[in-house]
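The values are calculated or read from the model by the stated rules, or taken from the named source; none is laboratory data. In this text, all values refer to a predicted model and were calculated from it rather than measured experimentally. Every residue, glycine among them, receives a Cβ derived from its backbone with ideal geometry; neighbour counts consider all protein chains shown. Surface areas here come from the heavy atoms of the whole protein model, side chains and all, with no ligands, DNA or RNA. Shrake-Rupley method; radii C 1.70, N 1.55, O 1.52, S 1.80 Å.
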Amino acid sequence: MNNLSNKKILVTGANGLLGSSFCTYSTFKNVKGFSKDLLDITSSDSLEKKLDIEKPNIILHTAAFTNVEACEINPEKAFLVNVLGTKNLAKYCKKNNVSLIYISSTGVYGSSKTNVYSEFDSVKPTTVHHKTKYEAEMIVSNTLKDYLILRTGWLYGGSKSHNKNFVYHRYMEAKNNDVMYSNSSQIGNPTYVIDLVNQIDLLITKNVKGLFNCINSGENVSRYNYVHEIIKSFNLNCQVKPGDSRLFKRVAPVSNNESAINSKLNKLNINIMGEWKLSLNKYINILKEEI
């Protein structure tokens, strides 16, 4: 993109972890975030009026109905927000020559493999949430040429007051317990939100388009490994024990494998996502100052 400093980036879901972090930490100066109270993506007319006033050059679409369990119980809402909301944005972007960056999930791959997923693997989502995220991906890629789809997962970061601060919640749990259990069956990629913000900045700067996995690197990292590393980094006395997935009953049939590799970023030599333990410890050192 030419004259990047003049480009206006509008962020949906600005109260969420990624949306709020991008608004705060992106190196781009002309960034404006909107929460769902200020921008209703499910209403095409309302959305178009608002965007016509704002006139963005790029839309970073982080807004979503992200509660995997609630999506299973209320698939209509999941469709309305995740699919129809994205369709409304894609339609606007096509009509007004706006770039769209859509945030998806490595959970869309499903459970067809036991090792890491690359962007070249088939997609077979197992939950309502991930089915709607993939359906939205298809709408974006079929509607637009100027798009970027990023599959990420197990995002953490933000201030301790953020309601989805997984790391801080585990810290508080460990402070109040001598023993805690964590799922040793499910694997994925704990991903630091600031690493993701920096990667998005780079992709915008280099005008990269297409579909990419975008997660911190790590092989066979279980929820147990993740939580164990959190408690170890805080130097707490709580003992973290591995637990079978049957201990953690869920409504949604979530895949035990959400792990991925940034194959396409690597091939383009533009992968700046950190190694998971290094990034986690970097964040915990910041969080310690807040605690």
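A few comments on the model shown:
- Residue list for the stretch 5-27, filter: over 23 Å from Thr66 (Cα atoms) and either of a type in the set (Lys, Arg) or assigned to a loop (DSSP other than H, G, I, E, B) (or both): Lys7, Lys8, Thr27
- Qualifying positions in the stretch 84-111 - open to solvent by 10 Å² or more (accessible area, probe 1.4 Å) and under 29 Å from Ser185 (Cβ atoms): Ile103, Ser105, Ser111
- Any hit, the stretch 208-220, residues being closer than 30 Å to Ile101 by Cα, in a helix (DSSP H, G or I) and at pLDDT 95 or above: no
- Take the conditions (1) in a loop (DSSP other than H, G, I, E, B); (2) over 25 Å from Val128 (Cα atoms); (3) not basic (Lys, Arg); Pro253 misses just one of them, which is (2).
- Test: residue in the stretch 61-78 that is in contact with a strand residue (DSSP E or B) (Cβ under 7 Å, 6 or more places away or on another chain), of a type outside the set (S, T, N, Q), in contact (Cβ under 8 Å) with a residue 40 or more places away in the chain and within 23 Å of Val31 (Cβ to Cβ): yes
- Residues that are open to solvent by 50 Å² or more (accessible area, probe 1.4 Å) and among the small types (Gly, Ala, Ser) were ranked within the stretch 128-187; the one that is nearest to Ile286 (Cα to Cα) is Ser161.
- Whichever residue in the stretch 221-240 is touching a residue at least 40 places away in the same chain (Cβ under 8 Å) and in a loop (DSSP other than H, G, I, E, B) and, among such residues, is most open to solvent (accessible area, probe 1.4 Å): Asn237
- Pick from the stretch 241-261, criterion open to solvent by less than 60 Å² (accessible area, probe 1.4 Å) and over 18 Å from the mean Cα position of the chain (by Cα), ranking: modelled with the lowest pLDDT: Ser245
- Top-ranked residue in the stretch 204-220 [being surrounded by 21 or more Cβ atoms within 10 Å (Cβ to Cβ) and out of contact with any Pro (no Cβ under 9 Å at 6 or more places or on another chain); ranked as farthest from Ser259 (Cα to Cα)]: Ile204
- Flag for Val193 being closer than 24 Å to Asn225 by Cβ, surrounded by 15 or more Cβ atoms within 10 Å (Cβ to Cβ) and out of contact with any Leu (no Cβ under 6 Å at 6 or more places or on another chain): no
- Of the residues Asn115, Asn163, the single one that is under 27 Å from Ser259 (Cβ atoms), out of contact with any Phe, Trp or Tyr (no Cβ under 6 Å at 6 or more places or on another chain) and without any contact (Cβ under 8 Å) to a residue 12 or more places away in the chain is Asn163.
- Selection of the stretch 40-83 for residues being under 17 Å from Ser99 (Cβ atoms), open to solvent by less than 60 Å² (accessible area, probe 1.4 Å) and part of a loop (DSSP other than H, G, I, E, B) yields Ile41, Pro56, Asn57, Thr62, Ala63.
- Any hit, the stretch 179-189, residues being under 18 Å from the mean Cα position of the chain (by Cα) and part of a loop (DSSP other than H, G, I, E, B): yes
- Within the stretch 8-25, the set of residues being surrounded by fewer than 19 Cβ atoms within 10 Å (Cβ to Cβ) and either in contact (Cβ under 8 Å) with a residue 60 or more places away in the chain or farther than 24 Å from Val193 by Cβ (or both) comprises just one member, Tyr25.
- Scanning the stretch 241-250 for residues that are free of Cβ contacts under 8 Å to residues at least 60 places away in the same chain and outside any helix (DSSP H, G or I) yields one hit, Lys249.
- The stretch 262-274 - residue that is in contact (Cβ under 8 Å) with a residue 12 or more places away in the chain and open to solvent by 70 Å² or more (accessible area, probe 1.4 Å) and, of those, farthest from the chain's Cα centre (by Cα): Leu268
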